[in-house]
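Read the figures in this text as sums done on the coordinates, not as results from a lab. Given the structure is predicted, the values throughout are model-derived calculations rather than measurements. Cβ coordinates were reconstructed from backbone atoms using ideal geometry, including for glycine residues, and neighbour counts include every protein chain displayed.
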Amino acid sequence: MDEPLSCFVICINNKSNPASLILGKVYRSLPDASAETHGMIRVIDEDKSEPDGYLYPASMFAPIELPEAAERALMAGAEAVRSPSVGRPCSRQHTWSHLNSLPANDR
């Protein structure tokens, strides 16, 4: 199977930043090992002015897997703001340990 084009997450909490994040919306996340060691995730948010994304607490998102066609459709809109670091294949190595603390019906 081909390496995924990118990683995608869904916003599960936007209380601290409702202007930049829409609850329930799918966002593209970018690999950032340094951020992940601090419980953060790099996300292309509603602003889109920063092609390398912004850092948010990982607890504000849940990982999702999309069919390849959906990933391609979401990535097509990102081509206009693409930078050299954007669009590298995602290792899907994000640490989502915060999800283990959620009640089973919220996962």
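Points worth noting:
- Hits in the range 36-58 (condition: buried (at least 19 other Cβ atoms within 10 Å of the Cβ) and of a type in the set (G, A, S)): G53, A58
- Yes/no for E36 being charged (D, E, K, R), in contact (Cβ under 8 Å) with a residue 12 or more places away in the chain and over 18 Å from M75 (Cβ atoms): yes
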